[in-house]
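Below you'll find the structure, written out as structure tokens, and then a few comments.
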Amino acid sequence: MAQDRRTRSSIRVARIGGIDIRMHWTFLVLVVLVVWLNSGSGSATAASGLVWIVAVFSSVLVHEYAHCVVARRRGAVVQDILLLPIGGLSQLEKMPERAADEFAIAVVGPLASLGLAVIAVAGGLVFGAHLWPPTLFAGPWFARLAWLNILLGVFNLLPALPMDGGRVLRAALEQHDHDRITATRQAGKIARILAVVMIAGGVFYDFWLVFIGVFVYLGAGSEERAVQRPGQGSAGPRPPSAQSSSPE
Ligand SMILES: [Zn+2]
């Protein structure tokens, strides 16, 4: 999306490590919705809903910062991190062209999420919190954070361009064939198949999966067009799963 339009539709909420964190207006709608949905059950429930939103987006920010730090180290210019109700988006300029760079930038986000999950599991074990069965919206905080970050890590590793796993796949294919356009077409084909599976599965299980499937389907097409005009990109538009960001 165009820089000026993005700036108009989002507000800067913080600047950490020289990177602006911007919040899209739709994210504010999510916050209002959570407070409103929980207001009937008392202020403690509303507060707990808000704490959960903060926890979700702190997890997303750690994931995005991991992308940004590696991207910078490899010569990219980081514009900002945009928070959307479906997750975070690291906006990069001057994307490194080498497949090895794309591989490193893409893979580090999910690895950071899985690292957070390991820390949450360790905390849960130390403090005797129940980590099983999987839970996101209720139960011990250690368990919720562990499962949230497992979800963020694993879901983003799905080989569906433009998600992180799709970028990892494209970079691996490119390293094999030394041809970015062919690698992108192959990765795009796999992404579209996965998108159709997500949309079909989402109809039966979870509407957010439909939403993410459409995002992947359209995103794969724009990645294919983008290889024709290199130099722009975003590292891992990162829609987390349905549950991790849906209004409670
Ligand atoms: Zn990512």
Inset, instruction - Check Pro133 against each of (1) under 22 Å from Ala172 (Cα atoms); (2) not in a strand (DSSP E or B) and name the one condition it does not meet. - result: (1)
Legend entry - Within region 159-170, considering residues that are at pLDDT below 95 and of a type in the set (A, V, I, L, M), the one farthest from Leu209 (Cα to Cα): Leu161
Inset, instruction - Please state which one of Ser59, Ser90, Ser113 is within 15 Å of the ligand (Cβ to nearest atom) and touching a Cys at 6+ places or on another chain (Cβ under 6 Å). - result: Ser90
Inset, instruction - Exactly one condition in (1) polar (S, T, N, Q); (2) within 16 Å of the ligand (Cβ to nearest atom); (3) at pLDDT 75 or above is not met by Gln175; state its number. - result: (2)
Inset, instruction - Kindly list the number of the only condition in (1) within 16 Å of the ligand (Cβ to nearest atom); (2) crowded, with 22+ Cβ neighbours inside 10 Å that fails for Ala104. - result: (2)
Legend entry - Residue that is closer than 20 Å to Val216 by Cα, away from the ligand (no atom under 16 Å from the Cβ) and not polar (S, T, N, Q), where the choices are Ile193, Ile119: Ile193
Legend entry - Which numbered condition Leu152 misses (of (1) without any contact (Cβ under 8 Å) to a residue 60 or more places away in the chain; (2) within 14 Å of the ligand (Cβ to nearest atom); (3) crowded, with 21+ Cβ neighbours inside 10 Å): (1)
Inset, instruction - Determine, yes or no, whether Leu152 is part of a helix (DSSP H, G or I) and modelled with pLDDT of 90 or more. - result: yes
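Hand me the list of strands (runs of 3 or more DSSP E) wholly inside region 1-114 holding 1 or more residues that are free of Cβ contacts under 8 Å to residues at least 12 places away in the same chain and more than 17 Å from the chain's Cα centre (by Cα).
On the way: elements: 10-16, 19-24, 77-84, 87-93.
Because the criterion is at least 1 residues that are free of Cβ contacts under 8 Å to residues at least 12 places away in the same chain and more than 17 Å from the chain's Cα centre (by Cα), the strands (runs of 3 or more DSSP E) in region 1-114 that meet it are 10-16.
Just to be sure before I move on: is Ala129 hydrophobic (A, V, I, L, M, F, W, C), surrounded by fewer than 22 Cβ atoms within 10 Å (Cβ to Cβ), closer than 28 Å to Glu97 by Cβ and away from the ligand (no atom under 16 Å from the Cβ) in the structure I sent?
no
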Inset, instruction - From Ala117, Ala122, Ala112, grab the single residue that is in contact with a helix residue (DSSP H, G or I) (Cβ under 7 Å, 6 or more places away or on another chain), over 16 Å from Ile19 (Cβ atoms) and modelled with pLDDT of 95 or more. - result: Ala117
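The values are calculated or read from the model by the stated rules, or taken from the named source; none is laboratory data. Predicted, not measured: the structure shown is a model, and the values here were computed from it. So basically every Cβ, Gly included, is an ideal-geometry build from the backbone, and we count neighbours across all protein chains shown.
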